[in-house]
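The values are calculated or read from the model by the stated rules, or taken from the named source; none is laboratory data. Small disclaimer: the values here were computed from a predicted structure and weren't measured. Heads up, the Cβs are rebuilt from the backbone with ideal geometry, glycines too, and the neighbour counts pull from every protein chain shown. Note: areas computed on protein heavy atoms with side chains; ligands, DNA, RNA excluded. Shrake-Rupley method; radii C 1.70, N 1.55, O 1.52, S 1.80 Å.
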Amino acid sequence: MHEFRYVGARLQCEGVSVEALARKHGTPLFVYSQGTVKGNYERLETALQGLDHRICYAMKANSNRAILRTFADLGAGFDIVSGGELQRAMAAGADPATCVFAGVGKTEDEIRLALKSGIYCFNVESEAELQRLDRVAGRMRKKAPVAVRVNPDVDAHTHAKITTGTYENKFGIPFEKVGELYAWAAKRKHLRLRGVQMHIGSQLTEVDPFEQAVRKVAPLARELADRHGIEFLSIGGGMGIVYRPALASGPATWWLSKEGRKVLNPTAYAGTLMPLLQPLGLKILLEPGRYLVGNAGILVTRVEYAKQSGHKTFLIVDSAMNDLLRPALYDAYHEIIAVERRARRTVVADVVGPVCESGDTFCRDRPLPLMEEGELLAVLSAGAYGSVMSGNYNSRPLAAEVLVHGKRAAVVRERQPVEAIWAGEKTASWQR
Ligand code: LLP
């Protein structure tokens with residue numbers, strides 16, 4: 001469920017006209033619905049009722065401070081992957097004691113910062129990292145709370161670039177090695193074994209891989225609790241969303257419903273996993289990112305030109321791969337709709353940005369309304385891994401971001417002034 005819908009001919013985000021926002025703040029513009037974020041969070045919370053759990057929002061999906069504050073106010077914890085994310089979360093009002101720190105390459109500086117801040121746990125990805133944590137914590141006369149990330153060797157059936165749970169990936173410790181590693185770590189003076197973690201990939205659209213992984217890891221977690229007194233099992237993130245036409249039949253059809261398969265929604269997810277998790281008697285952590293914010297954001301863009309080239313039609317827009325990288329990087333599908341819905345000729349077109357690369361394409365050969373110069377399009381489901389993955393390629397400033405709450409809208413990131421792009425650069429001393 002999300003709160004972008006047509007009211008009459010115009011697309012609205014909650015109670016605010018998207019066109020009015022674009023007029024006021026310019027394009028490219030990310031528009032976020034706070035109500036959608038809250039609704040997603042609450043749906044998952046409701047589905048998990050009765051389970052001792054905590055949702056740690058994977059802030060890599062969207063780390064705008066206003067989004068983080070929304071989650072902090074909802075009582076969420078945070079899944080962080082860098083010192084920068086920890087500082088950002090704290091700047092937005094997050095309690096470090098609710099933060100889990102993931103990632104394969106934590107530096108000594110990052111570890112020191114996290115220990116000083118008092119995070120809840122380090123999710124550890126290698127033996128070398130455990131050694132480093134023990135050493136750094138020792139120097140600080142502290143104990144580092146740790147959970148080892150188990151790689152359960154389960155295929156998540158998702159895009160190759162975002163699957164993580166098989167031995168082909170750089171993530172985690174092979175399942176068979178984990179017992180040994182805990183026994184070794186239990187003897188380190190400056191480590192405290194607090195939990196065990198897994199995460200098998202992102203944008204999963206079936207429950208089965210989660211179920212397989214939990215079935216494999218749950219007995220191990222129980223054993224580690226008995227042997228080493230760990231208190232939690234984190235089942236990671238990865239719940240997928242439906243990127244394909246969702247507005248077509250009204251805004252409620254957000255979840256996949258393929259026949260004959262367990263489909264993924266919070267109820268199916270929790271319904272399948274809770275019976276496996278509850279008997280463990282451990283605290284269960286979840287690290288969803290995309291599910292919470294994906295459908296809560298759109299990227300609004302203006303058509304600059306319509307161009308005919310041979311048999312192809314191109315709609316050239318003022319957003320590009322630097323604003324939303326997912327189509328260029330993963331061939332990801334994002335639905336694209338007109339902000340003003342009216343009778344238009346349908347054309348089969350590519351929507352492309354101005355960046356000088358053929359990969360700067362939001363969609364190819366897709367039936368779309370033939371838009372005129374100056375009209376607005378909305379790229380849907382851009383709330384997760386959208387603005388966070390944006391950059392300044394072609395010296396394009398970072399887009400502005402707006403958060404909507406009912407009838408109110410606030411700029412939560414100013415459009416980057418162009419000079420800010422090169423503000424940290426200098427000419428060398430030998431140049432005039
Ligand atoms: N936990 C860990 C350890 C992760 O590595 C990730 C995502 C998450 C949680 C959150 O996963 P989610 O619930 O959002 O699926 N840029 C890619 C996605 C990369 C995901 C990286 N890790 C995309 O745009 O599809």
When the accessible area of the stretch 103-286 is computed with all protein chains present and a 1.4 Å probe, what percentage of it is carbon and sulfur?
50 percent
With +1 on the Cβ of every Lys and Arg and -1 on the Cβ of every Asp and Glu, and nothing else charged, how large is the dipole of the stretch 308-366 about its Cα centre, in debye rounded to the nearest 20?
400 debye
Contact order normalised by residue count of the chain, Cα under 8 Å, 6+ apart, percent:
20 percent
What span do the alpha-carbon atoms of the stretch 271-351 cover on each of the three principal axes, reported in whole Å from largest to smallest?
63, 29, 22
Roughly what would the spin-label model give for Glu372 and Cys356, points 7 Å off Cα along C-beta, in nm?
3.3 nm
Note, ³J(HN,Hα) from phi for the stretch 335-346, Karplus 6.51, -1.76, 1.60, rounded to Hz, x at Gly and Pro
5, 10, 10, 7, 6, 10, 8, 8, 5, 9, 5, 8
When every protein chain stays in place and a 1.4 Å probe is rolled, Glu372, Glu414, Glu357, Glu335 sorted by accessible area with the largest first are Glu414, Glu372, Glu357, Glu335
If one computes the Cα centroid of the stretch 382-411 and of the stretch 1-32, what distance in Å separates the two points?
13 Å
Please give the calculated 222 nm ellipticity per residue for the chain, where each DSSP H segment of at least 4 residues contributes -39500 (n - 2.57) and the sum is spread over every residue; nearest 500 deg cm²/dmol?
-8000 deg cm²/dmol
Can you sort Trp422, Trp430 by solvent-accessible area, 1.4 Å probe, largest first?
Trp430, Trp422
What whole-number distance in Å separates the alpha-carbon centres of the stretch 141-163 and the stretch 415-432?
39 Å
Residues whose modelled amide H sits under 5 Å from the amide H of Ala409, counting only those 5 or more places away in sequence or on another chain, are none
Test of understanding: express the Cα radius of gyration of the stretch 295-421 as a ratio to 2.2 N^0.38 Å, with N the residue count.
1.05
Would you mind telling me the share, in percent, of accessible area of the stretch 295-421 contributed by carbon and sulfur at probe 1.4 angstrom?
51 percent
Compute for the chain: radius of gyration divided by Kirkwood radius, i.e. Rg/Rh, restricted to C-alpha atoms, rounded to two decimals.
1.00
Computed over the stretch 332-432: relative contact order in percent, which uses C-alpha pairs under 8 Å that are six or more apart:
22 percent
Could you list, in their original order, any pairs among Lys60/Lys189; Lys38/Lys283; Lys143/Lys170 whose Cα atoms are separated by more than 29 Å?
Lys60/Lys189
For Arg54, the residues 5 or more places away or on another chain with a placed amide H closer than 5 Å to its own amide H are Ile284, Leu285, Leu286
For the stretch 202-219, just list the computed ³J(HN,Hα) in residue order, Karplus coefficients 6.51, -1.76 and 1.60, θ = phi - 60°, integers in Hz, with x standing in for Gly and Pro.
10, 6, 7, 10, 10, 7, 3, x, 4, 4, 4, 5, 5, 4, 7, 8, 4, x
Surface/4 of the Cα convex hull for the stretch 182-249, nm²:
6.2 nm²
Find the accessible area per residue for the stretch 103-286; the probe is 1.4 Å, ligands and nucleic acids are left out, and the unit is Å².
44 Å²
Within the chain, percent of DSSP bridges classed antiparallel, to nearest 5:
50 percent
For labels at Glu108 and Asp155 in the simple 7 Å Cα→Cβ model, what's the distance in nm?
4.3 nm
Using a 1.4 angstrom probe on the protein heavy atoms only, line up Cys356, Cys363 by accessible area, largest first.
Cys356, Cys363
Could you tell me which of Trp184, Ile241, Gly359 has its Cα farthest along the dipole of the chain towards the positive end, charges placed at Cβ (Lys, Arg +1; Asp, Glu -1), taken about the Cα centre?
Trp184
So, R0 is 22 Å and r is the distance between the beta-carbons of Met140 and Gln87; what FRET efficiency does that work out to, to 0.05?
0.75
Against the empirical 2.2 N^0.38 Å scaling, what ratio does the C-alpha Rg of the stretch 103-286 come to?
1.13
Built amide H within the under 5 Å cut-off of Val148, gap 5+
Val124, Gly195, Gln197
